[in-house]
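Accompanying notes for the structure given below.
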Amino acid sequence: MTVLVLRKWRIAISTGLALAILALMAGGCGVYSMTGASIPPDAKTVSVAFFPNKAQLVVATLSPVFTETLQDEFVNQSNLELVERNGDLAFEGEIVEYKTRPVAIQGDQTAALNRLTISVNVRFVNRYEPDKDFEQKFTQFIEYDSETTLANVQGDFIITLTEMLANDIFNKAVINW
């Protein structure tokens with residue numbers, strides 16, 4: 001009986017402590033999420049314009065995959081509502097680089113590794129905190145064995161790289177790293 005009462009107290013104290021922490025976090029200057037994002041309390045919407053592919057090498061699926069991944073990052077990591085345009089937080093830009101090149105040359109002058117690189121130029125506008133607006137180029141890459149053809153891994157690599165880029169952009173916009 002005593003053990004049961006102690007467990008109930010422990011749960012009550014843990015729950016109370018968690019609620020107190022959440023109340024303190026919500027009382028600050030922005031709205032905080034479990035991801036550490038600090039979003040202005042008046043911000044309710046986010047818009048992500050279509051990112052056209054302006055790289056020399058164009059892959060048809062890259063623009064829609066990147067745009068949707070960036071939209072999903074904000075929908076899944078915040079309480080913001082996705083709107084078509086003029087969001088309280090607004091993103092636009094273009095894919096400026098999609099290239100593959102050898103990075104590790106072997107003794108016989110052949111590549112042991114290749115690197116696929118994707119870069120996007122992003123313009124961000126924060127309607128409530130204009131001092132946090134930015135224009136920046138974000139780049140990510142994946143290295144792969146030269147015996148693997150890009151065509152065999154390209155789809156998976158595009159998904160992985162766009163997720164990495166979306167995470168970097170989310171962090172820059174609302175986590176302020």
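Here, each number is a calculation from the coordinates, and none is a lab measurement. Since the model is a prediction, treat every value here as computed from it, not as a measurement. As a convention, Cβ positions derive from the backbone with ideal geometry for all residues, glycine included, and neighbour counts pool all protein chains shown.
Okay, here's what the table says:
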{"item": "Packing-based ranking, highest mean first, of 44-52, 144-152 given that Cβ atoms within 10 Å are counted", "result": "44-52, 144-152"}
{"item": "Cβ-defined net charge surrounding GLN140, 10 Å radius [Lys, Arg +1; Asp, Glu -1]", "result": "-2"}
{"item": "Alpha carbon convex hull of segment 40-175, volume per residue in cubic angstrom", "result": "104"}
{"item": "Straight-distance crosslink candidates among lysines, where the alpha carbon sits under 29 Å from LYS54 and sequence neighbours closer than 8 are dropped", "result": "LYS99, LYS132, LYS137, LYS172"}
{"item": "Net charge of Cβ neighbours under 12 Å - reference GLU94; Lys, Arg +1; Asp, Glu -1", "result": "0"}
{"item": "Inter-label distance for PHE50 and VAL103, nm, one decimal - labels placed 7 Å from Cα along Cα-to-Cβ", "result": "3.2"}
